[in-house]
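Comments concern the structure below.
Coordinate-derived values only; no laboratory data. Here the structure is a predicted model, which is why all the values come from computation and not from measurement. Note that we place each Cβ from the backbone using ideal geometry, even for glycine, and neighbour counts take in every protein chain shown.
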Amino acid sequence: MAEIEYNATGRRKSSIAQVFMKAGTGNIVINKKPMTQYFPHETMKMIVQQPLHVVAVSGKYDISVRVKGGGYSGQASAIRHGISRALVMANSDFRGKLKKEGLLTRDPRAVERKKYGLKGARARFQFSKR
């Protein structure tokens, strides 16, 4: 019998993560690199593993991720969102816990575009009366 694999997509800022999850030993591979090698900071690793700790299934699933766009912070949050969605596909009982922690909600915050006539999105050039 074939192994069941759960696919989900997570997004944050300009990052998009495709998550492939199947039963296993807890290996997390991001863009064909181990998670410890891909993310240099411990905080990023904690963000990625947060949904697994919330539903207490650390070490029960092998996770493979393809992520592109954005920086490390956005990518880590996109992966977290994708893993949360995949866990709900695997077991619908996890939905309540993950929803309560806010892990199933896509964070809509993104960089505001620069407006013409201004220095940035809202910053203006210095005004002088004379």
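Show that you can apply the helix-only estimate: for the chain, add -39,500 (n - 2.57) for every DSSP H stretch of four or more residues, divide by all residues, and state [θ] at 222 nm to the nearest 500.
Calculated at 222 nm, the ellipticity per residue is -10000 deg cm²/dmol.
What translational diffusion coefficient, to the nearest whole µm²/s, does region 25-126 have by Stokes-Einstein, given a Kirkwood radius computed over alpha-carbon pairs, a temperature of 4 °C and 1.567 mPa s viscosity? Write down the numbers at each step before the final one.
Working: Rh = 15.3 Å.
Estimated diffusion coefficient is 85 µm²/s.
Kindly express, to the nearest 10 degrees and within the range 0 to 90, the angle between helix 42-54's C-alpha long axis and the longest C-alpha principal axis of the chain.
Helix 42-54 sits at roughly 50 degrees to that axis.
Please give the helix 72-90 orientation as an angle from the longest Cα principal axis of the chain, in degrees from 0 to 90, rounded to the nearest 10.
Its long axis makes an angle of about 40 degrees.
Highest mean first, what order results for 27-39, 6-18 on Cβ atoms within 10 Å? Don't skip to the end; give the middle numbers.
Working: 27-39: 15.2, 6-18: 18.9.
Most protected by this proxy first, the peptides run 6-18, 27-39.
For labels at HIS53 and LEU104 in the simple 7 Å Cα→Cβ model, what's the distance in nm?
Label at HIS53, label at LEU104, 2.2 nm between them.
Please give the net charge around GLN49, taking every other residue with its beta carbon less than 12 angstrom from that of GLN49, where Lys and Arg add +1 and Asp and Glu add -1. Don't jump to the answer; show the numbers that get you there.
Numbers: positive: LYS45, ARG80; negative: GLU42.
With Lys, Arg at +1 and Asp, Glu at -1, the neighbours total +1.
Set the Förster radius R0 to 25 Å, insert the Cβ-Cβ distance between GLU3 and LYS45 as r into 1/(1 + (r/R0)^6), and round the FRET efficiency to 0.05. Please report the intermediate quantities before stating the final value.
On the way: r = 26 Å, r/R0 = 1.03.
After rounding, the FRET efficiency stands at 0.45.
Which lysines have a Cα lying under 19 Å from the Cα of LYS114, excluding residues fewer than 8 positions away in the same chain?
LYS13
Between region 4-24 and region 58-128, what is the C-alpha centre distance in whole Å?
Cα centroid of region 4-24 versus Cα centroid of region 58-128: 12 Å apart.
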